[in-house]
Each structure stands twice: as structure tokens, then as C-alpha cells.
Amino acid sequence: MEFSVLMPVCSKEKPEYLKEAIGSIINQTVRPNQLVVVKDGELSKELNKIIEIYQNQYPEVIDILELKKQNSLGMVLNEGIKVCKNSYIARMDSDDVARRDRFEKQLKYLQEHPDIDVLGGYIEEYDQDMKKAGSLRKVPLTQKEIYKRIIRQNPFNHSAVILKKKSVLEIGGYKDCQLEDYDLWIRMRLKNMKIANLPDVLVNYRTSLDMYKRRTGLEYLKGIIKIEKLLLKNRLINRFQYLKNVLARTILAFVPAKIKMFLYPKVIRKVK
């Protein structure tokens, strides 16, 4: 089964992280026949050099899309999807490391379940150096469990999913919003699309204080409220649930990033 991998890269990325991320894709037990690297605006010489080295080594695999200016992740992904030439597209972040058998496991499942529109799995959190393992980020497995979870929490690990291209395009692709993946899953839910997660760790996920800073503050809260309004508008939750969710998420949004980084794996994720 042929498939593409979609990897956006922005100027803030560290070259050594990008090198590890691309290397983990190239060295899979089942290698993709296309890796689309989207340059989100102008990149540093170091980042461009790493991309150039890999493209020279694997010209039949790596395609480059250059965007003149930096955009929201949702818009970057939409542009990248246009370049993906296969019916399945796997997401990959430019600072994470895919487990060596990630695609082998996902493709085996998709071959056995060709009606699936999006397939994800577990990720394991690591420190910035990818040396110390942290918590295991599990997600619900069956469609019934995912549909039940989606009204409270994002039911997928975005960096570990593989999507059916035509299904994403059918619902209009990603939206230009802060929580573009959560928004996409909700719209898939509204179309009763087939979704699932594997009970396997597919990606080693790099955590940092910056990651938690992005999940803190007023702008993040605005994104969360948009998600809650989408759930309410489509009657996936009632007004009482909406108010309860917004109140809880407002409190979490203003917990300082350093405290959140400490508490999130131990407490916050378990009570959401």
C-alpha cells in the first residue's frame, strides 16, 4: 500500500530534532513512497541543509513545498495535502521520532479495515533530549469509545495519525484555527466517518516548556471555547456540559506553564 507522510517545518525548529524526525521516517520497516516536507516560511541555513542532504539521498521519496510566509498549522497542512499523491497521508511532527514499525502496524490494520478514515495510536512522551521517557499518552481505541471521548477531550494524538486523503478533503480539510486537529475529528464525527486507534506506541513525543506555554493563556482558551461551541452547536453536548467544560478549561488555561508541565502527566490528563 503506497502512502505519503506530511511533515511541516517552521523556522523555530532545531536542526538536530529535524534530522532525527526525518531519519525515523526513512528508516521505517515499511518506508513511505513519499515524504512531503513543507517549509513554513523562511528556514535557517542549518534546517535547509538537513532537508537538502536527505532530498539528495532520497530524491524518489522526498518532495519539498516552500511557503513564502509562515501560516497557521491548519493552512500549512492543507497546502501539504495538495502535494501528497497517495490515498493515505500520515502526519509527522518535525521534532518527534516515529517508532521503527509505526507504519508497518498502521498499514496492516488499514489493509484489514479499508473503510477506516483515520487511524491513530499511542505516543510516549520524552524529555527534550529523547533520553528520559515520561508518561504514555493513551487514547480510546474503538469508534464507540472515541465518539464518547470526543465531547470531553481530543481523542487522537495528531502526530501519530494516518488519514484517508479523500475523507479529509470531503469535509473541507483543516480549518484555520488553533486546535485544527480536534476541530477536524469533530467534523469527521458529525459525518459518522470510521475512526480508530491502535493500542501501540507509534511515536516518541518530545516535550518541552514551550509546548506547555502554547497551551496556556487567553489565545489558547479562545481556541478551546471555539471547540466547545462547535460541540454545542451540533448538539454533541448540552448547555450545562458546555458551561462545565468552559469553566474547567478556563482554570487550566491560566495554570502557569511550569506548573502545568509538572502536573499534566500526573494529574491534569487523568481528570479531564
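Taken together, the values in this text are just the output of simple stated rules run on the coordinates, not laboratory data. Treat the numbers as computed from the prediction; the structure is a model and nothing was measured. Quick reminder, even Gly has a Cβ in these numbers, built from the backbone with ideal geometry, and neighbours come from all protein chains shown.
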Once both axes come from the Cα atoms, what is the angle between helix 180-190 and the longest principal axis of the chain, in degrees from 0 to 90, rounded to 10? 70
Counted neighbours (other Cβ, 10 Å), sorted fewest up, put C10, C84 in the order C10, C84
Pop the C-beta distance of R239 and L141 into the FRET formula with R0 = 35 Å and round what comes out to the nearest 0.05. 0.70
With +1 on the Cβ of every Lys and Arg and -1 on the Cβ of every Asp and Glu, the dipole magnitude of the chain about its Cα centre, in debye rounded to the nearest 20, is 1520
When H158, H113 are ranked with the fewest other C-beta atoms within 10 Å first, the list becomes H113, H158
Please list the equivalent ellipsoid semi-axes of region 1-131, computed as the square roots of five times the alpha-carbon gyration tensor eigenvalues, in descending order and whole angstrom. 23, 17, 14
Potential lengthening between T250 and K14 on full extension [0.36 nm per residue; Cα-Cα distance subtracted]: 81.8 nm
Give me the Kirkwood hydrodynamic radius of the chain, using the inverse of the mean 1/r over all pairs of distinct Cα atoms, in Å to one decimal. 19.1
Calculate the translational D of region 78-188 in whole µm² s⁻¹ from Stokes-Einstein, where the hydrodynamic radius comes from the Kirkwood formula applied to all Cα pairs, the temperature is 37 °C and the viscosity 0.692 mPa s. 217
Taking M193, M1 and counting other C-beta atoms within 10 Å, the order from fewest to most: M1, M193
Inter-centroid distance (Cα atoms) of region 225-259 relative to region 127-188, Å: 17
Where does helix 45-57 land angle-wise versus the long Cα axis of the chain, in degrees 0 to 90, nearest 10? 60
Per-residue ellipticity at 222 nm for the chain, helices alone: DSSP H runs ≥ 4 residues times -39500 (n - 2.57), over residue total, nearest 500 deg cm²/dmol? -12500 deg cm²/dmol
Let's see if you can work this out: charge +1 on each Lys and Arg Cβ, -1 on each Asp and Glu Cβ, no other charges. What is the dipole magnitude of region 33-144 about its Cα centre, in debye to the nearest 20? 180
Compare the Cα positions of W185, Y205, V246 along the charge dipole of the chain (+1 at Cβ of Lys, Arg; -1 at Cβ of Asp, Glu; about the Cα centre) and return the one farthest towards the positive end. V246
Quick one: angle between helix 102-112 and the longest Cα principal axis of the chain, in degrees between 0 and 90, rounded to 10, please. 70
